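The values are calculated or read from the model by the stated rules, or taken from the named source; none is laboratory data. Just so you know, these numbers come straight off a predicted model, no measurement behind them. We place every Cβ from the backbone using ideal geometry, glycine too, and count neighbours over all the protein chains shown. Protein only, heavy atoms only, side chains kept; ligands, DNA and RNA dropped before computing areas. Shrake-Rupley method; radii C 1.70, N 1.55, O 1.52, S 1.80 Å.
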Amino acid sequence: MDLLQTFFNWGVFTDALPLMLRGLGVTVVLGVVSIVLGLVGGLLLAMVRLYAFAPLRWLSRVYIDVLRSIPLLVLLVLIYYALPFVGIRLSSFAAAAAALSLVSCAYSAEIFRSGIEAIPRGQFEAAASQGMGFFNTMRDVILPQAMRIVLPPMTSNCINVMKDTALASVVAMPDLLKQATQAQALAANPTPLVGAAVMYLLLLLPLVQMVSWIERRNTAGRTGA
Amino acid sequence: MSPVIEVEGMSKFYGAFQALDNINLNVEQGEVVVILGPSGSGKSTLIRCINLLEDYQQGDIRVSSQRVEHGKRLAGIRCEVGMVFQNFNLYPHLTVLANVALAPIRVRRLPRHDAQARAQQLLDKVGMGAHAHKYPSQLSGGQQQRVAIARTMAMEPRVILFDEPTSALDPEMVGEVLDVMQNLARSGVTMVVVTHEMGFARKVADRVIFMESGRIIEQNTPHTFFTAPQEARTRAFLQAILHH
């Protein structure tokens, strides 16, 4: 009984719910913005990494390695607390979106690269032999095939971005976790935290399931077709 | 009229290894040239240089009097030079019809509807009309190669290069592909064919070229080539093949 009152207190939960739903909205918007920016940037970065002039290729490699090595939380704190010293003052949303998408770019780029490199050389040659240029070859021949290959790892990466949005609460971003911790402090009861955990699960569990579903379908397709 | 393909003093190196040595070769409009030779003799490398899928280091290759080299004009040259690959290289994510129509739409800028209508005609021509809406993975090797031939013809190239088009096929499917190629030859398409199919060379070729160790050893009409080869190495090659 005590346990229920402590962790699953309905009154505390309903009081905190409006703010938490607003926080959930912020979390979803931040996640989606970062995912989209990360995917677009990652694709461009993968192109540079694979096909640009040597110095650019080298730079993109440095970028990818550095951004995959730096802890996201450290990058976020740098952007939010260090950049103001050089006059760059970002809102907590902009700082979080920047940190998340900069890192996601690096991971997506490597995923796209592995997908593109998995396409047999004959596909590039067939397109080239028909006079198709780089852009058409990528859009019509290579990327559609690569997308299919990278769909599972890319979805995993998107899930990670969505999860990592919780770090934004560190820079005073009113996201789901931040709202929940505030509500918990206000009510002196951990129910909002439990509620937030459940909301994260409801948001991400279907995506995780989708990844395994895609993977199963892809293996089935490979043997079936 | 100048030849469709002119190769002059062309050499290719892989590092220190010389893959092609001073190749001289002209292909005239409407001609069917078959290139024979043992594996590793450079025959595939030679035709892959003609559309610059492989770089060459010395000499000149010209198609329709334009030098084949990297740059803005390369895509235009490649439109004039079709290629059929050993492994078909169909686009697996596109239907048969879309495979054939893609490059005409993107490169020749044909309206989609016209390109698809033409693609259907070409598929009918190679006996694949009924399979237009299937995916390559649903077809046999022979069927895939016939689609690949239709896809190449869709660009209306001045010459088609065939890189061992039947080498990856099960024996019972070789015939259907060779039939399609023979029909093409009859309709006046200029062809350069790298193959091990002696029957095709004998029946269809206007000229047979024998290569060994990156050099052209002998060129002749098929009749002379098979009945009275001039070079000792050609005789040795034919002996080895005909005794199999």
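Points worth noting:
- Rounded to the nearest 20 debye, the dipole magnitude of the range B:51-98 is 180 debye, with +1 charges on Lys and Arg beta carbons, -1 on Asp and Glu beta carbons, and the Cα centre as origin.
- Size of electric dipole in chain B: Cβ of Lys, Arg +1 and of Asp, Glu -1, about Cα centre, debye, nearest 20: 700 debye
- Probe 1.4 Å, protein heavy atoms only - accessible area per residue of chain A in square angstrom: 53 Å²
- Centroid-to-centroid separation of the range B:86-127 and the range A:33-67 [C-alpha atoms, Å]: 34 Å
- By the Kirkwood approach, averaging reciprocal distances over each pair of separate Cα atoms, the range B:163-239 gets a hydrodynamic radius of 13.4 Å.
- What a 1.4 Å probe finds exposed on the protein assembly as shown is 60% carbon and sulfur by accessible area, rounded to a whole percent.
- Average accessible area per residue (Å²) across the range B:1-156 - probe 1.4 Å, nucleic acids and ligands excluded: 41 Å²
- Between A and B, buried accessible area from a 1.4 angstrom probe totals roughly 1700 Å², ignoring ligands, DNA and RNA.
- Cα centroid of the range B:36-75 to Cα centroid of the range A:156-222, whole Å: 56 Å
- Whole-Hz couplings from phi, Karplus 6.51/-1.76/1.60, listed for the range A:180-187; x for Gly and Pro: 5, 5, 5, 5, 5, 5, 5, 8
- Relative pair counts by distance (%), Cα atoms of the range A:56-102, 5 Å bins: 5, 22, 26, 20, 17, 9, 1
- Rounded to 5, percent antiparallel among DSSP beta bridges of the protein assembly as shown: 55 percent
- Amide H contacts of B:Thr190 (H built 1.01 Å from N, in plane; Pro and chain starts excluded): B:Gly30, B:Ile160 sit under 5 Å, all sequence-distant by 5 or more or on other chains.
- The amide H of B:Ser11, built 1.01 Å from its N in the peptide plane, has B:Asn22, B:Ile23, B:Gln57, B:Gln58, B:Gly59 as neighbours under 5 Å, considering only residues 5 or more places off or on other chains.
- Point-charge dipole on Cβ atoms (K/R +1, D/E -1) for the range B:1-98, about Cα centre, debye to 20: 280 debye
- Projecting the Cα atoms of A:Leu167, A:Phe85, A:Met147 onto the charge dipole of chain A, computed from C-beta unit charges around the Cα centre, puts A:Met147 farthest toward the positive end.
- Fraction of beta bridges assigned by DSSP in chain B that are antiparallel (%, nearest 5): 55 percent
- Largest-first ellipsoid semi-axes for the range B:23-76, taking √(5λ) over the Cα gyration tensor eigenvalues, angstrom: 20, 15, 10
- Going from the chain on its own to the full set of protein chains, the range A:92-134 has these residues losing 10 Å² or more of accessible surface (heavy atoms, 1.4 Å probe, no ligands, DNA or RNA): A:Arg121, A:Gly122, A:Gln123, A:Glu125, A:Ala126, A:Ala128, A:Ser129, A:Gln130, A:Gly131, A:Met132.
- Amide H contacts under 5 Å for B:Met83: B:Leu161, restricted to partners 5 or more places along the chain or on a different chain, H placed in the peptide plane at 1.01 Å from N.
- Members of the range B:124-173 that become less accessible by 10 Å² or more once partner protein chains are added (1.4 angstrom probe, chain alone as reference): B:Ser137, B:Arg151, B:Met155
- The chymotrypsin sites (Phe, Trp or Tyr not before Pro) of the range A:48-101 that DSSP puts in a loop, and whose beta carbon has at most 14 other beta carbons within 10 Å, are A:Phe53.
- Pairs of Cα atoms farther than 18 Å apart, the range B:45-172, %: 55 percent
- Compactness of chain A as Cα Rg over 2.2 N^0.38 Å, two decimals: 1.24
- Anchor A:Lys163: lysines whose Cα lies under 26 Å away (excluding residues fewer than 8 positions away in-chain): A:Lys178
- Computed over the Cα atoms of the range B:87-244, pair by distinct pair, the Kirkwood hydrodynamic radius stands at 17.0 angstrom.
- Partner lysines for B:Lys134 [C-alpha distance under 20 Å; skip if fewer than 8 residues away on the same chain]: B:Lys125
- For the range B:40-54, backbone phi angles converted through the Karplus equation (6.51, -1.76, 1.60; θ = phi - 60°) give residue-by-residue couplings of x, 7, x, 5, 5, 4, 4, 6, 6, 6, 5, 10, 6, 6, 10 Hz, Gly and Pro being listed as x.
- A quarter of the convex hull surface defined by the alpha-carbon atoms of the protein assembly as shown gives 30.8 nm² as the mean projection.
- Residues along the range B:62-78 losing 40 Å² or more of accessible surface when the other protein chains are present rather than the chain by itself (probe 1.4 Å): B:Arg78
- Convex hull of Cα atoms in the range A:66-163, direction-averaged projection (nm²): 8.0 nm²
- Computed from the alpha carbon positions, the gyration tensor of the range A:128-221 leads to an equivalent ellipsoid with semi-axes of 42, 17, 6 Å, biggest first.
- Restricted to Cα atoms, the range B:112-180 shows a radius of gyration and a Dmax of 12.0, 37 angstrom.
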